[in-house]
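Worksheet for the structure shown next.
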Amino acid sequence: MPCPPWRYFANMQPPAYDAVADLAAIRSGDRKALARAITRVENELDGYRNLLHALTAETQVPVTGFTGPPGAGKSTLINALVRHLRADWKTVAVIAVDPTSPFNYGSLLGDRLRMHEHFNDEHVFIRSLATRGSLGGLSEKVLEIVDVMRCAAFDHIIVETVGVGQSEVEIAGLADTTVVVFVPEAGDEIQTLKSGIMEIADVFVVNKADREGAETFANNLRKLAAHPRSDGWEVPVVKTTANADIGVGEVLEAIGHHRRSGALNAKRPYLLAEKAYRLIRRDRMRGITKAALKEALENELKDPRFNLYRFADQWVK
Ligand SMILES: Nc1nc2c(ncn2[C@@H]2O[C@H](COP(=O)(O)OP(=O)(O)O)[C@@H](O)[C@H]2O)c(=O)[nH]1
Ligand SMILES: [Mg+2]
């Protein structure tokens, strides 16, 4: 058959993206469809909004966030948790918002070797996201990606993020249960983090319990966490030595208790408000950067009648 003229191809419309069919594939366990959907959402490719609008509220899949300073052992702990969950035949998705995470293929060889056992396991879905915006902050996209993942019928979804200031609060808006990982050396740090951390932590982990001062540190944390919160949940403190697989089962238990406690129901409007706020902020601020403002100002300032308030109003959507 002769080849049709090139115009024929140029005028051909690609088939419209069918979000409902895509979601059905994701629900049925098609991991390739899931990976493609994540890429679609991450890069805002054609139809990504349709996909998000077609999501249904999946509240059954537990989403646990791990936050804490770099080097605290979050990845090691998650690795051990995945091993425990797999021993129980559970499926797990891990999403790492951390450029240094061993879940990231580009990481150090040692870390990669550590994660190797799970990379080849088809029941463990691992995805790492580049941080956008503030250094160490949670990628804006992770919210949407986790919600897509919730549809994929995993038994657990785990999110790792580096705890640098704001991101602890961000992860609280994202995860059902937030685990804050400390190391015994964090003695002074805890005083400065105290107020914010107490609000968002559902489980405290003192990792590297093989190190000196772990017991004292854990006891100090217990004193801080001794009072039940307004939602009735008393934050447990678990000591772990993640690289020796010690205390890992207790972390899973603590997460399970939190999930079953009903505290989550009290937290849900807060979590959703946090998410909605971030989505709206992102959309309203789209295209508005200080660089773009500066560029526009360079022109406008030539006008002697320039007025900052009229200028700003032009940008308010
Ligand atoms: N001594 C000790 N080292 C640990 C423990 N857990 C993790 N590590 C080590 O701490 C380093 C940082 O761990 P990693 O999981 O990458 O930390 P992350 O940055 O919080 O994800 C690695 O060299 C781990 O082997 C632990 O319980 N005890
Ligand atoms: Mg890590």
- prompt: For labels at LEU272 and ILE246 in the simple 7 Å Cα→Cβ model, what's the distance in nm?
  reply: 4.4
- prompt: For the residue pair THR289 and LEU308, what label-to-label distance in nm results when each label sits 7 Å from Cα along the Cα-to-beta-carbon direction?
  reply: 2.3
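Please list 301-307, 74-80 highest first by mean number of surrounding beta-carbon atoms within 10 Å per residue. Intermediate results must be reported in sequence, preceding the final value.
Details: 301-307: 8.6, 74-80: 25.3.
For the peptides 301-307, 74-80, the packing ranking is 74-80, 301-307.
Given a Förster distance of 30 Å, report the FRET efficiency between ASP121 and ALA16 from their Cβ-Cβ distance, rounded to the nearest 0.05. Numbers along the way, then the final one.
Working: r = 35 Å, r/R0 = 1.18.
With a Förster radius of 30 Å, E is 0.25.
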- request: Kindly report, to the nearest 10 Å², the accessible surface of HIS227 as traced by a 1.4 Å probe over protein heavy atoms only.
  value: 140
field: Cα-based reach from LYS290 at 22 Å (exclusive), listing lysines while leaving out same-chain residues under 8 positions away
entry: LYS141, LYS302, LYS317
task: Work out the charge dipole of segment 172-308 with +1 on the Cβ of Lys and Arg and -1 on the Cβ of Asp and Glu about the Cα centre, then indicate which of ALA218, LEU308, TYR270 is farthest towards its positive end.
output: LEU308
statement: The extension gain from ALA87 to ASP231, computed as 0.36 nm times the residue separation minus the Cα-Cα distance, is 48.6 nm
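The values are calculated or read from the model by the stated rules, or taken from the named source; none is laboratory data. None of the values given here were measured: they were computed from a predicted structure. Methodologically, a virtual Cβ is constructed for each residue, glycine included, from the backbone with ideal geometry; neighbour enumeration extends over all protein chains shown. Please note that ligands, DNA and RNA were not included when accessible areas were found on the heavy atoms of the full protein model with its side chains. Shrake-Rupley method; radii C 1.70, N 1.55, O 1.52, S 1.80 Å.
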